[in-house]
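Peer 1: For reference, the structure I am asking about is given below.
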Amino acid sequence: GVTGVNGDQSDESASNSGAVYVFVRSGAQWQQQAYLKASNTDSGDRFGESLSLTADGNTLAVGASGEDSSAIGINGDQSDNSVRSPGAAYVFVRNAGQWQQQAYVKSSRTQSNDSFGDSLTLSADGNTLAVGAYSEDSSATGLNGDQSDNSVDRAGAVYVFVRSGMQWQQQAYIKASRTDPADFFGRSLSLNADGSTLAVGASEEDSSATG
């Protein structure tokens, strides 16, 4: 049930809340450097369901698709658990061997069971973060469409965030070019090194097209 970095691991009061462990290697020897928890640990959040590290290992993104708060955007109110499993992502940074949470990241529209954070990917420099929400329901297509129409169940969406200095903001809301129910767009993600190209998987898309 603890929060933050290197808390008491013996407190098992928050079932399936999740954790992340960071290990570092010197020569051929590994050792644990940090035990990471969310800043709002809660049962069933599944913190650690997805992970992505930067090339230098100093920025870490963590997904928690079962997180329940109604917050939107960056560093919102984590205390209101009134929306079931919209999901969240957390960004941690390391400085001189010490880890701390830099950002608590939510989508621009928080809806129940969107599974935001089930997948995520960081660019090599850590300044671009893409987060998938494969159960998101809007009927929008393409870039930055209308998020408010929840008429297409589990179509899926991806949200792109960028960092300037230590500040994060959402840059894009991405949907498939054809939105259909249960396509699971955003179930898998990959960014290239500089964050200028993003590949998105839609594991249940149904068309018979090829090529």
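Peer 1: Please report, in whole Å, how far the alpha carbons of region 92-211 spread along each principal axis, starting with the longest.
Peer 2: The Cα atoms of region 92-211 stretch 51, 33, 20 Å along the principal axes, largest first.
Peer 1: Computing the accessible area with a 1.4 Å probe over protein heavy atoms, can you report the carbon and sulfur percentage for region 106-180?
Peer 2: 39 percent
Peer 1: Taking region 51-131, how much of its Cα-Cα pair set, in percent, is spaced more than 20 angstrom apart?
Peer 2: When every Cα pair of region 51-131 is considered, 30 percent fall beyond 20 Å.
Peer 1: Could I ask something else about it? With +1 on each Lys and Arg Cβ and -1 on each Asp and Glu Cβ, and nothing else charged, work out how big the dipole of the chain is about its Cα centre, in Debye to the nearest 20.
Peer 2: 620 debye
Peer 1: Write down the radius of gyration of region 1-58 and its Dmax, each obtained from C-alpha positions, in Å.
Peer 2: When restricted to the Cα atoms of region 1-58, Rg and Dmax are 12.8, 38 Å.
Peer 1: Determine one quarter of the surface area of the Cα convex hull of the chain, which equals its mean projected area, and express it in nm² to one decimal.
Peer 2: That works out to 12.8 nm².
Peer 1: Excluding ligands, DNA and RNA, what is the solvent-accessible area per residue of region 1-140 at a probe of 1.4 Å, expressed in Å²?
Peer 2: Here the residues of region 1-140 average 42 Å² of exposed surface.
Peer 1: Determine the per residue accessible area of region 155-211 with all protein chains present and a 1.4 angstrom probe, expressed in square angstrom.
Peer 2: 56 Å²
Peer 1: Hey, another quick one. For A172, enumerate residues with amide H under 5 Å from its amide H, sequence gap 5+ or separate chain, H modeled in the peptide plane.
Peer 2: Counting only residues 5 or more places away or on other chains, the set is V160.
Peer 1: Just to confirm the filter: which GluC sites (Glu not before Pro) across region 1-86 are DSSP coil and have at most 12 other Cβ within 10 angstrom of their Cβ?
Peer 2: When the GluC sites (Glu not before Pro) of region 1-86 are filtered for loop state and at most 12 Cβ neighbours within 10 Å, E12 remain.
Peer 1: Would you work out the charge dipole size for region 8-60 about its Cα centre, treating the Cβ of every Lys and Arg as +1 and the Cβ of every Asp and Glu as -1, and quote it to the nearest 20 debye?
Peer 2: 240 debye
Peer 1: Where does region 90-159 land on Rg/Rh, using Cα atoms and the Kirkwood Rh?
Peer 2: Rounded to two decimals, Rg/Rh equals 1.07.
Peer 1: Quick check: Cα centre of region 155-211 to Cα centre of region 1-23, how many Å?
Peer 2: A separation of 30 Å, based on Cα centres.
The values are calculated or read from the model by the stated rules, or taken from the named source; none is laboratory data. Because the structure is predicted, anything quoted here is derived from the model rather than measured. Reconstructed Cβ throughout: ideal geometry from the backbone, glycine too, with neighbour counts over all protein chains shown. Accessible surface areas use protein heavy atoms only, side chains included; no ligands, DNA or RNA. Shrake-Rupley method; radii C 1.70, N 1.55, O 1.52, S 1.80 Å.
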